[in-house]
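The values are calculated or read from the model by the stated rules, or taken from the named source; none is laboratory data. Every value quoted in this text rests on a predicted model; they were computed, and no experiment measured them. As a convention, Cβ positions derive from the backbone with ideal geometry for all residues, glycine included, and neighbour counts pool all protein chains shown. Ligands, DNA and RNA are excluded from the accessible area calculation, which covers all protein heavy atoms including side chains. Shrake-Rupley method; radii C 1.70, N 1.55, O 1.52, S 1.80 Å.
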Amino acid sequence: MPPFIIYQNNEQMIGDIQRALSIVGAYNKTQSATLNSIQDLSNALMTISGCSLSDEQLQQIKDMRVLNDENDIKVELISQEIACNMEFLQQLRKDIFALSGCVDLTSEEIGNLSGAALKQRLVNLFYICSVKANYLKEGYLKRIELILNIHSLTNNINVDEVLRNTTIEIKYNTLEDSTEMLNLVNGLQDIVS
């Protein structure tokens, strides 16, 4: 059996969204219920009482969507009330991001932040990234160790020494606000020589 390396995601060894799956399910059900309510409204039945209409008149009502008669006619739509679920959906959405430890990058307030303020807002995300990077490095080192052990069978190498001297560097793509940095440097120009 060939060896395999586990690349952990976190200490619990579960996916990031795993803790929020039940809320994701509730979000989906709420959206589905809202769409069903809208569809039910479009399938509502019209009742007309107080008169008798011919087939031609019914077709005219259907085509023109207008009823014009001088008699005491009562027209009603029989349908289910559409529940306003938007607030509930928004709360579920916030809960999903909170439980999964992710930042909602589609939030309106994120778009209005400066680079420094955005970095501050993303501190938790950077922490999660560093934890994941450490688990990834650990997996890479195990993989390198396996390769070195096989390589040491035919070559004279000290596996422990090579592993001690091995460094793995993970670089992040980060957001930088160069305008803020330039303003800071320009402000220091008269102070620092």
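Taking GluC sites (Glu not before Pro) across the range 133-174, the ones in a DSSP loop with at most 11 further Cβ atoms lying within 10 angstrom of their Cβ are E169.
For the range 108-158, with every protein chain kept in place, what is the accessible area per residue (1.4 Å probe, Å²)?
Heavy-atom accessible area per residue stands at 72 Å².
Among residues other than I128 with Cβ under 12 Å from its Cβ, the summed charge is -1 (Lys and Arg +1, Asp and Glu -1).
Just to confirm a number: summing +1 for Lys and Arg and -1 for Asp and Glu over residues other than Q8 whose beta-carbon lies under 9 angstrom from that of Q8, what do you get?
So the surrounding residues net to -1.
For the range 99-173, trypsin sites (Lys or Arg not before Pro) meeting the loop criterion (DSSP other than H, G, I, E, B) and having at most 12 other Cβ atoms within 10 Å: K171. Per-residue 3J(HN,Hα) values for the range 132-143, derived from phi via the Karplus relation 6.51 cos²θ - 1.76 cosθ + 1.60 with θ = phi - 60°, read 5, 5, 5, 5, 5, 4, 4, x, 4, 5, 5, 5 Hz in sequence order (x marks Gly and Pro).
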